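Quick one: this structure, given as structure tokens, is what I'll be asking you about.
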Amino acid sequence: MIILNKANLKGSIDTLPDEIKEHVKSLIFKAENWNNENLSLFSISLPLWSDKEMKPIVTSLLKKYINIENFPREMQILVSSIMVNYLSLLIRSSSQNLDLVEDIFILLDNLPVKPLNCFGKIMRNFYRAYFQGDDKKIQDILDFFTNNNMNKISEILKVSI
């Protein structure tokens, strides 16, 4: 996990040796069920996975966590961050694999309205606006981040779309 975190911070996760990538992927599936540990590992390893590899995993997560409001807050945070990052990866990779997008929006809609879920809710609105071509809403959200001293988030989102 440390190797992945360092690589993510340096923006060099794609340069990791194939053996490490495969080892990380195998660690995620060692557990019979999703838990905090393998969800965390999956969350930080998303760039290692191809679109084709991620789809069944995200589908599995959607089935299990669609009623996300019934899960502990740690799981809500992990699962919603995975979904938000998956949406980002779909856009950045120009993927045509968009059949899970609506289900992801439903899951993010089901997050309880609590401060800990604020980012997931805002990002759901951002990506929905993106897929609907609502440039005004996109700009409103980018302005919100900028106006609240979160310029870095705004800059990253601008680059990702």
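The values are calculated or read from the model by the stated rules, or taken from the named source; none is laboratory data. Not measured: the values here are computed from a predicted model. In this analysis, Cβ positions are derived from the backbone assuming ideal geometry, glycine residues included, and neighbour counts consider all displayed protein chains. Heads up: the accessible areas ignore ligands, DNA and RNA and are worked out on the full protein's heavy atoms, side chains in. Shrake-Rupley method; radii C 1.70, N 1.55, O 1.52, S 1.80 Å.
How large is the helix-only mean residue ellipticity at 222 nm for the chain, computed as the sum of -39500 (n - 2.57) over DSSP H runs with n ≥ 4, divided by its residue count, in deg cm²/dmol to the nearest 500? Write down the numbers at each step before the final one.
Numbers: 9 runs with 112 residues, N = 161.
My calculation for the chain gives -22000 deg cm²/dmol from helical runs alone.
Local charge sum around I66 (other residues, Cβ-Cβ under 12 Å, Lys/Arg +1, Asp/Glu -1)?
Working: positive: K63, K64; negative: E69, E102, D103, D109.
After counting each charged neighbour, the total is -2.
Taking the Cα centre of the chain as origin and charging only Cβ (+1 Lys, Arg; -1 Asp, Glu), how large is the dipole, in debye to the nearest 20?
Details: 19 positive and 19 negative charges, 51 e Å.
The calculation lands at about 240 debye.
Using Cα atoms only, what is the angle between the long axis of helix 73-92 and the major principal axis of the chain, expressed in degrees (0 to 90) to the nearest 10?
80 degrees
While we're looking at this one, here's another question. For R73, what accessible surface area do you get with a 1.4 Å probe? Give it in Å², rounded to 10.
R73 exposes around 140 Å² with every protein chain in place.
Shifting gears a bit: Compute the long axis of helix 135-147 from its Cα atoms, compare it with the longest principal axis of the Cα atoms of the chain, and write down the angle in degrees, 0 to 90, nearest 10.
With rounding to tens, the tilt is 80 degrees.
Working from Cα positions, state the angle (0 to 90°, nearest 10) between the long axis of helix 36-45 and the longest principal axis of the chain.
Helix 36-45 sits roughly 70 degrees off the main axis of the chain.
Here's something else I'd like to know. Given K25/K55; K25/K52; K52/K152, which pairs have Cα atoms separated by over 24 Å? Let's see the in-between values first.
Details: K25/K55 14 Å; K25/K52 14 Å; K52/K152 30 Å.
K52/K152, as the Cα separations exceed 24 Å there.
Considering only protein heavy atoms and a 1.4 Å probe, what is the carbon-and-sulfur percentage of the accessible area of the range 95-143? Mind dumping the intermediate values first?
Working: 1380 of 2600 Å².
The computed percentage sits at 53.
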